[in-house]
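The values are calculated or read from the model by the stated rules, or taken from the named source; none is laboratory data. Since we're looking at a predicted model, the values are computed, not measured. Reconstructed Cβ throughout: ideal geometry from the backbone, glycine too, with neighbour counts over all protein chains shown. All accessible areas refer to the heavy atoms of the entire protein, side chains included, with ligands and DNA or RNA removed. Shrake-Rupley method; radii C 1.70, N 1.55, O 1.52, S 1.80 Å.
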Amino acid sequence: QPKLSTLLLSGVGFIIVSTGLIGLVAPPNNWNSMDYHMPRVVHWIQNSSVAHYPVSYTPQLYQNPWSEYVIMHFQLLSGGDYFANSVQWLGMIGCLIGVSLIAEQLGANSLGQTFATVAAATIPMGILQASSTQNDYVEAFWLVCLACYTLTIIDKGKNTTWDTYLLFGCSLGLCILTKGTAYFYILPFLIWVTLSQVKYLRFSVWKPTLFVTSFAFVMNINHYLRNYFVFNSPLGEPGNYIN
């Protein structure tokens, strides 16, 4: 088993190193990067503000911005787009660590954790996106964090501490702030945690619920307001945009 785990993790290491090098050497160049991920970063830097600006391609404005916030900081600090792809790459590494932790929480031994990591690392779309400026892996990272803290809350029950609720709320808020599809992915975790806490806390469940939702809402309120003032909707431009 140790030899098998070493072999499998060596393959994972190869994926991590190769995608990281590609992300550093190759500038952002896919369609999604060119039409809204990178242009909004340049506009924010040029305007010295993340406020909405006149543009013909409106997804640059209303799409959830957290990943691009990080890209913008890297760009300001480095003087170029050298590390723009690294945000997704770091999200991939975080996902692999988190998936291994989830496997451990569910009772897997070291070999089971290795297989879980390999399964996550070899997702074809994940390998492609790990060296791009798209935001799916970043969203996945916050979703994996949310899953980890969901399992922690389920395990602790009524003994769940406020710092765990805080981390759960931050993961929830950052997941939503990264990509709009989060609204669908977070739903089963929220239902599971709520039913579990109702079982132990009864009517007092409103306290952690308010605590968690407050943190998530505060993280997103500015983006909601910018969208509302321009599009009359906190989610952005109304129409037939479907994900």
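For the range 21-32, a tally of residues being farther than 13 Å from Ala84 by Cβ and under 21 Å from the mean Cα position of the chain (by Cα) returns 1.
For residues that are outside any helix (DSSP H, G or I) and without any contact (Cβ under 8 Å) to a residue 12 or more places away in the chain, scanning just the range 24-51, find the one that is surrounded by the most Cβ atoms within 10 Å (Cβ to Cβ).
Asn29
Against the test of being touching a Ser or Thr at 6+ places or on another chain (Cβ under 6 Å) and of a type in the set (S, T, N, Q), the options Thr213, Thr178 yield a single qualifying residue, Thr178.
Within the set Ser100, Ser110, Ser171, Ser131, the sole residue that is among the polar types (S, T, N, Q), open to solvent by less than 20 Å² (accessible area, probe 1.4 Å) and touching a residue at least 12 places away in the same chain (Cβ under 8 Å) turns out to be Ser171.
Is it the case that the range 2-23 has a residue that's surrounded by fewer than 20 Cβ atoms within 10 Å (Cβ to Cβ) and within 22 Å of Asn227 (Cβ to Cβ)? No. Counting just the residues of the range 192-243 that are aromatic (Phe, Trp, Tyr) and more than 25 Å from the chain's Cα centre (by Cα), which one comes out most open to solvent (accessible area, probe 1.4 Å)? Per the criteria, the residue is Phe203. What is the residue count in the range 67-100 for residues that are among the aromatic types (Phe, Trp, Tyr) and closer than 12 Å to Arg40 by Cβ? Counting residues in the range 67-100 that are among the aromatic types (Phe, Trp, Tyr) and closer than 12 Å to Arg40 by Cβ gives 1.
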